[in-house]
Amino acid sequence: MRTLSGVQSSGRLHIGNYYGAMRQFVQLQDQGEAYYFIANYHALTTVRDPKLALELTRDAALTYLSLGLDPKKAVLFRQSDVKEVVELYWILGTVVPQSNLERAHSYKDKIANNISPDFGLFAYPVLMAADILLYSADAVPVGKDQVQHIEFARDWAVKFNTQYVPGYDPADPEGKERGHSPGILKLPAAHLQESAATVPGIDGRKMSKSYGNTLELFGEEKDLKKRIMSIKTDSTPVEAPKPTQDAPLYDLLKLMLPAAEFADVDATWKAGGKGYGDYKKKLLEAFHTTFGPARQRHAELLADPGEVERILQDGAQRARAEATRLMDQVRRAVGIP
Ligand code: AQP
């Protein structure tokens with residue numbers, strides 16, 4: 001099985017990225033082949049400062065490595081180091097129905113949250129499909145917001161194969177039956193972590209870099225504390241039972257505390273007797289327990305930029321070998337010399 005996924009270097013990575021996706025990346029590196037990348041072309045849809053774009057790309061690499069990604073087990077690379085992805089993006093785009101892009105949830109959410117629409121944002125799912133299909137991935141670990149994009153990637157791979165691969169039958173995509181051919185583009189499947197499908201941000205919306213509502217994995221202590229203390233709560237008095245619906249603090253405690261410890265919190269939350277301030281302190285402690293070692297590693301890696309660059313160069317070389325192999329087939333199929 002080949003696993004592939006990426007995170008955009010569109011801001012400092014946060015616990016939504018970790019629980020929704022990156023935690024699984026680290027677990028899956030021990031099962032078959034794993035390819036993980038920093039989506040720095042995607043990030044250009046929101047980051048327009050070149051210095052910052054470079055810095056956030058490097059920061060995303062540090063984040064992967066600090067969280068336990070092992071470059072001996074997984075291929076870690078920058079999206080922009082394999083230019084073939086842009087070529088596949090274009091070729092794939094020629095079979096993508098515009099109506100698919102118009103109903104993309106993630107695009108519609110961003111517009112609803114006042115992010116100005118441009119072609120890059122609109123076409124984002126096509127580049128994401130190219131990211132996945134270029135490396136013939138079987139499984140793509142993602143948060144819930146990205147599941148529709150994986151479904152698009154499957155649909156477009158079928159469209160491409162049907163158009164360009166003689167003998168391809170969509171009912172037999174691997175070409176197992178006599179007379180059928182396997183597709184050039186392999187159909188990927190989303191791998192969703194149900195317990196953390198959507199991690200809420202401090203304002204209760206989906207935690208998102210572009211909404212400024214995140215708990216950064218490697219942010220400064222002072223800022224982290226301030227953000228935890230500002231998690232949206234209601235005015236239920238200390239002694240009263242607290243609501244569990246639309247309560248980001250409750251959801252975050254559930255996510256971060258070990259099950260036995262959360263059971264105690266759950267009991268007092270529902271019975272009353274503690275204030276939101278106590279629960280926020282508990283969350284801060286849980287954050288340090290969970291991410292303390294990764295934060296230490298992050299500080300060490302920051303001091304060794306040469307080593308990080310070496311890992312990325314090595315990853316790019318391995319990723320490029322795969323991409324070149326697939327693009328040879330794609331070019332031949334469509335008639336590009
Ligand atoms: N709040 C979240 N809950 C669960 N999973 C999440 N992911 C992101 N936010 C949450 C998952 O993290 C992976 C990498 O995401 P991304 O950075 O590439 O893009 P995104 O989903 O658009 O993340 P952001 O923070 O919301 O970025 P911006 O604001 O720049 O668009 C994905 O698998 C995603 O599902």
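The values are calculated or read from the model by the stated rules, or taken from the named source; none is laboratory data. Given the structure is predicted, the values throughout are model-derived calculations rather than measurements. Here the Cβ is made from the backbone with ideal geometry for all residues, glycine too, and neighbour counts use every protein chain on show.
The strands (runs of 3 or more DSSP E) falling completely within the range 1-110 that include 2 or more residues that are within 11 Å of the ligand (Cβ to nearest atom) map to 2-8, 33-39. Taking the conditions (1) in contact with a helix residue (DSSP H, G or I) (Cβ under 6 Å, 6 or more places away or on another chain); (2) within 11 Å of the ligand (Cβ to nearest atom); (3) of a type outside the set (A, V, I, L, M) in turn, Lys274 satisfies each one other than (2). Filtered by the rule that a residue be surrounded by fewer than 21 Cβ atoms within 10 Å (Cβ to Cβ) and either more than 16 Å from the ligand (Cβ to nearest atom) or more than 25 Å from the chain's Cα centre (by Cα) (or both), the range 137-167 gives Asp138, Arg154, Asp155, Val158, Lys159, Thr162, Gln163, Tyr164, Val165, Pro166, Gly167. Close contacts from the range 308-337, counting a first residue that is more than 17 Å from Ser136 (Cα to Cα) and a second that is of a type in the set (Phe, Trp, Tyr), with Cβ to Cβ under 7 Å and a gap of 6+ residues or different chains, come to Leu312/Phe77; Val334/Tyr164. Answer yes if at least one residue in the range 121-134 is in the same structural domain as Ile38 (by TED's automatic domain parsing), more than 16 Å from the ligand (Cβ to nearest atom) and either touching a Leu at 6+ places or on another chain (Cβ under 9 Å) or outside any strand (DSSP E or B) (or both), and no otherwise. Scanning the range 121-134, I find at least one residue that is in the same structural domain as Ile38 (by TED's automatic domain parsing), more than 16 Å from the ligand (Cβ to nearest atom) and either touching a Leu at 6+ places or on another chain (Cβ under 9 Å) or outside any strand (DSSP E or B) (or both), so the answer is yes.
Listed by first and then second residue, the pairs with beta-carbon distance under 6 Å, at least 6 apart or on different chains, first residue in the range 135-147 and within 21 Å of Leu326 (Cβ to Cβ) and assigned to a loop (DSSP other than H, G, I, E, B), second more than 7 Å from the ligand (Cβ to nearest atom) and not hydroxyl-bearing (Ser, Thr, Tyr), are Tyr135/Leu4; Tyr135/Glu322; Ser136/Lys186; Ala137/Arg2; Ala137/Leu4; Ala137/Pro188; Asp138/Met1; Asp138/Arg2.
Would you point out which residue out of Leu224, Leu249 is of a type outside the set (D, E, K, R), outside the structural domain of Leu92 (by TED's automatic domain parsing), within 28 Å of Val47 (Cα to Cα) and not in a loop (DSSP other than H, G, I, E, B)? Lay out the reasoning, then the answer.
On the way: Leu249 fails: within 28 Å of Val47 (Cα to Cα).
Leu224 is the lone residue from the list that is of a type outside the set (D, E, K, R), outside the structural domain of Leu92 (by TED's automatic domain parsing), within 28 Å of Val47 (Cα to Cα) and not in a loop (DSSP other than H, G, I, E, B).
Quick check: anything in the range 100-112 basic (Lys, Arg) and buried (at least 19 other Cβ atoms within 10 Å of the Cβ)? Yes; the residues of the range 100-112 include at least one that is basic (Lys, Arg) and buried (at least 19 other Cβ atoms within 10 Å of the Cβ).
Among residues of the range 115-131 that are surrounded by fewer than 16 Cβ atoms within 10 Å (Cβ to Cβ), those with a beta-carbon under 8 Å from a residue that is part of a helix (DSSP H, G or I) and of a type in the set (Phe, Trp, Tyr) at least six positions away or on a different chain give the pairs Pro117/Tyr107.
The selection criterion, being at pLDDT below 95, out of contact with any Cys (no Cβ under 9 Å at 6 or more places or on another chain), of a type outside the set (A, V, I, L, M, F, W, C) and under 30 Å from Leu134 (Cα atoms), does not hold for Gly212.
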